[in-house]
Amino acid sequence: MASQEAVGAPPEVKAEAEAKKPTKQQIDPYNVAGEVDESGNVQAIDYDRLIQEFGVQPLTDEHLQRFEKVTGKPAHRLMRRKLFFSHRDFDKILDAYEKDGKFMLYTGRGPSSGSMHLGHTVPFLFTKELQELFDVPLVIMLTDDEKYLYTRNKNDGHQKPGNAVEDFLTFAHENIKDIIALGFDLKKTFIYSDYEFLGGHFYLNTSEFASMVTFNQASGAFGFGGSTNIGLINYGAEQCVAAFPSSYPDLFGYKDYRAPDYDLSAKRRHKALASIPTLIPCAIDQEPYFRILRDRCERMTDPHPKTSLIMSKFLTALQGAGGKMSASDPNSAIFMSDTPNQIKNKINRHAFSGGRESLEEHRKHGGNPDIDVAFTYLSYFLESDAELEDLAQKYRSGEMLTGEMKARCITELQKFVADFQERRAKVTHEVMRQYMTPRKLEFAGNPNATRPSAKEEAVNGSENGTAPAAEASAASKDGRGTKGERKAAKLAAKKDQKLASRPKADDAAEPAPQ
Ligand code: TRP
């Protein structure tokens with residue numbers, strides 16, 4: 001496995017390996033590295049600066065309160081502890097849920113190797129909780145194509161052994177089994193590999209979206225240049241339109257359009273699906289994709305409301321802040337396939353300590369939990385706020401030693417990984433195929449939606465096009481759509497005209513989508 005991972009090295013490793021001269025912090029989908037100072041020391045990632053630079057919003061206590069009010073449940077520990085720390089239009093997705101009762105969740109993973117590590121589980125754990133709390137559909141995209149194109153690009157155009165297209169598809173399947181083992185509800189979850197699923201309405205959306213992104217815009221967001229392969233340049237359009245419910249008609253009971261199973265009534269993308277809003281939980285390095293997405297959602301033929309985002313920090317490498325866990329450096333990460341002993345040794349040998357030089361010093365001045373990697377991992381995985389607070393306090397006072405903090409961390413991670421492995425062993429190929437089969441998903445959304453017709457639509461199909469529309473496959477027999485679809489189409493076309501004639505404002509200044 002180590003050799004596979006070394007070849008499929010993710011981007012951050014390269015950035016770290018080259019980080020000898022002073023460099024600025026660099027965060028984008030292909031690089032995650034803290035600033036390197038004059039003396040060559042890697043600094044912790046500065047998330048406040050990132051909020052400024054990206055122009056995203058911090059997640060506040062008010063958001064937490066509102067979240068708890070809407071869902072009637074306490075927020076997930078990752079949100080309580082602000083490890084999910086920033087957002088775009090999170091308020092709007094809550095508004096939509098209160099009013100219309102539903103939205104779609106979308107997240108993904110780039111399968112750069114066959115094994116996932118602890119850091120990879122973080123966005124998925126959070127997404128799972130959101131899906132349960134809101135009772136909404138979820139799509140998970142495995143970007144085997146992105147990772148193939150990226151890896152080949154990184155290797156100066158060469159394809160190394162074990163890095164063929166099929167190898168990345170295999171990584172995707174292995175990762176999908178890992179993701180399933182985190183406990184997603186089959187009834188409301190669809191997981192796919194790009195190589196296997198793309199086509200139909202998804203591809204119609206991709207083509208339209210790609211036509212709105214110039215080479216200059218893509219280079220600006222991702223650092224592409226003249227020697228970047230053209231596959232990678234185009235890839236971003238896929239990751240963007242994956243956020244549109246209209247890319248997945250089957251999941252909402254509508255027909256897709258794929259040869260040779262022609263159903264001409266389904267040839268046109270379903271406008272009714274375009275208006276369902278989407279929330280994307282992701283790590284903040286993915287933000288550049290979704291900046292491009294948000295700027296263009298409302299310019300699609302069937303406009304989609306600007307996608308909402310909720311974004312996390314990175315799970316620190318064992319060596320400490322400034323880098324994230326990386327699959328290509330086995331000593332930086334704890335893998336979901338590690339044995340209890342490997343976990344113990346990795347934490348004991350490699351986890352950066354916020355303790356003092358000597359026992360005496362530590363007892364006298366206390367340690368610093370904020371930079372202590374064992375404590376940091378506990379802040380992601382330990383459920384009890386009270387215990388976490390107690391550990392921090394005892395560490396600070398010098399009552400608790402580094403070895404003791406590490407021991408607590410080891411127990412917690414061993415348990416998390418062992419529970420995971422038990423579930424993973426049960427994920428057969430057959431189970432995987434069930435999650436990967438396009439089918440109508442079952443979800444109820446918000447039972448207390450305030451818009452009077454919202455509930456009715458959920459049962460009977462939609463007048464304005466935002467409901468799952470159980471009977472929708474009966475619609476569009478003549479290819480013109482139902483009366484409701486035609487009415488919605490007219491309205492949307494009007495809105496489209498308005499949008500097109502308006503001077504283009506920047507992201508923050510644009511008015512709220514309806
Ligand atoms: N590009 C992501 C990666 O390399 C995978 C991905 C696709 C994704 N769609 C996403 C991640 C949506 C978060 C949200 O890991």
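Name the residues in region 362-406 that are over 29 Å from the mean Cα position of the chain (by Cα) and surrounded by fewer than 15 Cβ atoms within 10 Å (Cβ to Cβ), would you?
363, 364, 365, 390, 393, 397, 399, 403, listed by residue number.
Yes/no per residue for (1) aromatic (Phe, Trp, Tyr); (2) more than 16 Å from the ligand (Cβ to nearest atom); (3) more than 22 Å from residue 175 (Cα to Cα); (4) touching a Phe, Trp or Tyr at 6+ places or on another chain (Cβ under 6 Å):
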residue: 70; (1), (2), (3), (4): no, yes, yes, no
residue: 74; (1), (2), (3), (4): no, yes, yes, no
residue: 86; (1), (2), (3), (4): no, no, yes, no
residue: 94; (1), (2), (3), (4): no, yes, yes, no
residue: 106; (1), (2), (3), (4): yes, no, no, no
residue: 114; (1), (2), (3), (4): no, no, no, yes
residue: 117; (1), (2), (3), (4): no, no, no, yes
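With the condition kept exactly as written, say whether any residue in region 303-317 is among the aromatic types (Phe, Trp, Tyr), surrounded by 20 or more Cβ atoms within 10 Å (Cβ to Cβ) and either within 13 Å of the ligand (Cβ to nearest atom) or more than 27 Å from the chain's Cα centre (by Cα) (or both).
yes
For the structure I just gave you, tell me whether residue 169 is hydrophobic (A, V, I, L, M, F, W, C), surrounded by fewer than 23 Cβ atoms within 10 Å (Cβ to Cβ) and more than 28 Å from residue 303 (Cβ to Cβ). Working first, answer last.
Numbers: hydrophobic (A, V, I, L, M, F, W, C): yes; surrounded by fewer than 23 Cβ atoms within 10 Å (Cβ to Cβ): yes; more than 28 Å from residue 303 (Cβ to Cβ): yes.
Yes.
Let me confirm something: among 211, 207, 246, which residue is of a type in the set (Gly, Ala, Ser), more than 16 Å from the ligand (Cβ to nearest atom) and surrounded by 22 or more Cβ atoms within 10 Å (Cβ to Cβ)?
Working: 211 fails: surrounded by 22 or more Cβ atoms within 10 Å (Cβ to Cβ); 207 fails: surrounded by 22 or more Cβ atoms within 10 Å (Cβ to Cβ).
After applying the criteria, what remains is 246.
Taking only region 154-168 into account, find how many residues are more than 14 Å from the ligand (Cβ to nearest atom), within 15 Å of residue 193 (Cα to Cα) and either touching a Pro at 6+ places or on another chain (Cβ under 7 Å) or acidic (Asp, Glu) (or both).
Number of matching residues: 2.
Out of all the residues in region 56-68, is one or more of a type in the set (S, T, N, Q), within 16 Å of the ligand (Cβ to nearest atom) and at pLDDT 85 or above? Explain how you work it out, then say what you get.
Let us first name the residues in region 56-68 that are of a type in the set (S, T, N, Q), namely 57, 60, 65.
From what is left, the residues that are within 16 Å of the ligand (Cβ to nearest atom) are none.
No, every residue in region 56-68 fails to be of a type in the set (S, T, N, Q), within 16 Å of the ligand (Cβ to nearest atom) and at pLDDT 85 or above.
Working carefully through the options 245, 281, 277, find the one that is within 22 Å of residue 92 (Cβ to Cβ), in contact with a Leu (Cβ under 6 Å, 6 or more places away or on another chain) and not aromatic (Phe, Trp, Tyr). Outline the logic, then answer.
Details: 281 fails: in contact with a Leu (Cβ under 6 Å, 6 or more places away or on another chain); 277 fails: in contact with a Leu (Cβ under 6 Å, 6 or more places away or on another chain).
Checking each option against the conditions leaves just 245.
Name the one entry in 347, 334, 343 that is closer than 22 Å to residue 115 by Cα and more than 26 Å from the chain's Cα centre (by Cα).
Working: 334 fails: more than 26 Å from the chain's Cα centre (by Cα); 343 fails: more than 26 Å from the chain's Cα centre (by Cα).
On inspection, the qualifying residue turns out to be 347.
Per-residue answers, yes or no, for (1) in contact with a Pro (Cβ under 8 Å, 6 or more places away or on another chain); (2) assigned to a loop (DSSP other than H, G, I, E, B); (3) within 16 Å of the ligand (Cβ to nearest atom); (4) charged (D, E, K, R):
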site: 217; (1), (2), (3), (4): no, no, no, no
site: 227; (1), (2), (3), (4): no, yes, no, no
site: 234; (1), (2), (3), (4): no, no, yes, no
site: 237; (1), (2), (3), (4): no, no, yes, no
site: 250; (1), (2), (3), (4): yes, no, no, yes
site: 273; (1), (2), (3), (4): yes, no, no, no
site: 276; (1), (2), (3), (4): yes, yes, no, no
site: 286; (1), (2), (3), (4): yes, no, yes, no
site: 292; (1), (2), (3), (4): no, no, yes, no
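For region 132-153, does any single residue satisfy the condition of being away from the ligand (no atom under 11 Å from the Cβ), modelled with pLDDT of 95 or more, of a type in the set (D, E, K, R) and assigned to a helix (DSSP H, G or I)?
yes
What number of residues within region 47-72 satisfy the criterion of being under 20 Å from the mean Cα position of the chain (by Cα) and on the phi > 0 side of the Ramachandran plot?
1
Can you name the condition, by its number, that residue 265 falls short on among (1) under 15 Å from residue 203 (Cα atoms); (2) more than 15 Å from the ligand (Cβ to nearest atom); (3) in a helix (DSSP H, G or I)?
The one condition residue 265 does not meet is (1).
One line per residue, one yes/no per condition, for (1) of a type in the set (A, V, I, L, M); (2) crowded, with 20+ Cβ neighbours inside 10 Å; (3) at positive phi:
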position: 74; (1), (2), (3): no, no, no
position: 79; (1), (2), (3): yes, yes, no
position: 92; (1), (2), (3): no, no, no
position: 102; (1), (2), (3): no, yes, no
position: 108; (1), (2), (3): no, yes, no
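So residue 259 fits all but one of (1) without any contact (Cβ under 8 Å) to a residue 24 or more places away in the chain; (2) within 16 Å of the ligand (Cβ to nearest atom); what number is the exception?
Going through (1) without any contact (Cβ under 8 Å) to a residue 24 or more places away in the chain; (2) within 16 Å of the ligand (Cβ to nearest atom) one by one, residue 259 breaks only (2).
Looking at residue 115 and the list (1) in contact with a strand residue (DSSP E or B) (Cβ under 9 Å, 6 or more places away or on another chain); (2) closer than 23 Å to residue 444 by Cα; (3) outside any helix (DSSP H, G or I); (4) among the small types (Gly, Ala, Ser), which single condition is not satisfied?
Answer for residue 115: the failing condition is (2).
Kindly state which helices (runs of 4 or more DSSP H) lie completely within region 24-103 and contain at least 3 residues that are closer than 26 Å to residue 245 by Cα.
Numbers: elements: 47-54, 61-71, 77-80, 90-100.
So the answer is 61-71, 90-100.
Report yes if residue 200 is more than 16 Å from the ligand (Cβ to nearest atom), within 19 Å of residue 267 (Cβ to Cβ) and out of contact with any strand residue (DSSP E or B) (no Cβ under 7 Å at 6 or more places or on another chain), otherwise no. Write out each step before concluding.
Details: more than 16 Å from the ligand (Cβ to nearest atom): yes; within 19 Å of residue 267 (Cβ to Cβ): yes; out of contact with any strand residue (DSSP E or B) (no Cβ under 7 Å at 6 or more places or on another chain): yes.
Criteria met by residue 200.
Counting only residues that are touching a residue at least 60 places away in the same chain (Cβ under 8 Å), out of contact with any Leu (no Cβ under 6 Å at 6 or more places or on another chain) and under 19 Å from residue 165 (Cβ atoms), how many does region 186-228 have?
Number satisfying all stated conditions: 4.
Just to be sure, is residue 246 modelled with pLDDT of 95 or more, of a type outside the set (Asp, Glu) and touching a strand residue (DSSP E or B) at 6+ places or on another chain (Cβ under 9 Å)?
No; evaluated as a whole, the condition is false for this residue.
If a residue must be part of a helix (DSSP H, G or I) and free of Cβ contacts under 8 Å to residues at least 40 places away in the same chain, how many such residues does region 307-349 contain? Before the answer, list the steps.
First, the residues of region 307-349 that are part of a helix (DSSP H, G or I): 340-349.
Next, from what is left, pick out any that are free of Cβ contacts under 8 Å to residues at least 40 places away in the same chain: 341-342, 345-346, 349.
Count: 5.
The values are calculated or read from the model by the stated rules, or taken from the named source; none is laboratory data. Keep in mind that this is a model prediction, so the values were computed, not measured. Positions of Cβ are backbone-derived with ideal geometry, glycine not excepted, and every protein chain shown enters the neighbour counts.
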